[in-house]
């Protein structure tokens, strides 16, 4: 029973971080130098701020702190991807920019997901995190493909054919 409660807790925590909805930057009469404006599929970004006032910065995907991977620009995001939109207002403002993001994860990576306030996940050292990646699988999105261990929760991305399996740290 306790395992089920913990698994549910991990699932809610991870799902909130990965599929936390969208992040937006609203600019008025100015054009911020937001990395999402020029992001391409396969680039990595880190998000800062909150869900309603976020900013992005480009970062090498090999950097240990690279949290998000761009999976699409424009279009529809998978329900387990975050949508990051930069919205501009004012005369002569550029068009909105939207990118779909998934976690830039490999086995052993750790993330902090804030369970009480929506916002971007952060890839951090495990001692400062609350979830750890135990497996990343490609060509499947079925959470049943995660290791059969206590407190492991899978988040499957059907659009991209990827499964990330987490546990609590």
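The values are calculated or read from the model by the stated rules, or taken from the named source; none is laboratory data. Small disclaimer: the values here were computed from a predicted structure and weren't measured. Ideal geometry is used to build each Cβ from the backbone, glycine not excepted, and the neighbour counts take in all protein chains shown.
The residues in segment 106-128 that are buried (at least 18 other Cβ atoms within 10 Å of the Cβ) and at pLDDT 95 or above can be counted, and the count is 2. Of the strands (runs of 3 or more DSSP E) lying entirely inside segment 54-169, those containing at least 3 residues that are without any contact (Cβ under 8 Å) to a residue 60 or more places away in the chain, out of contact with any helix residue (DSSP H, G or I) (no Cβ under 7 Å at 6 or more places or on another chain) and over 17 Å from residue 44 (Cα atoms) are 131-138.
Give me a count of the residues in segment 40-57 that are within 15 Å of the chain's Cα centre (by Cα), modelled with pLDDT of 90 or more and farther than 19 Å from residue 109 by Cα. Talk me through it step by step, then tell me what you get.
From segment 40-57, those within 15 Å of the chain's Cα centre (by Cα) are 41-51, 54-57; that's our starting set.
Next, only the ones that are modelled with pLDDT of 90 or more stay: 41-45.
In the following step, the residues that additionally are farther than 19 Å from residue 109 by Cα were identified as 41.
Total satisfying the criteria: 1.
Of the residues making up segment 35-49, those that are within 17 Å of residue 81 (Cα to Cα) and outside any strand (DSSP E or B) are 36, 39, 40, 41, 42, 43.
The listed residues are 90, 75, and the only one of them that is at pLDDT below 80, farther than 18 Å from residue 122 by Cα and surrounded by fewer than 19 Cβ atoms within 10 Å (Cβ to Cβ) turns out to be 90. If you filter segment 146-158 down to residues that are more than 15 Å from the chain's Cα centre (by Cα) and surrounded by 14 or more Cβ atoms within 10 Å (Cβ to Cβ), you find that the one that is farthest from residue 78 (Cα to Cα) is 151. Only a single criterion out of (1) at pLDDT 90 or above; (2) more than 14 Å from the chain's Cα centre (by Cα) is not satisfied by residue 30, namely (1).
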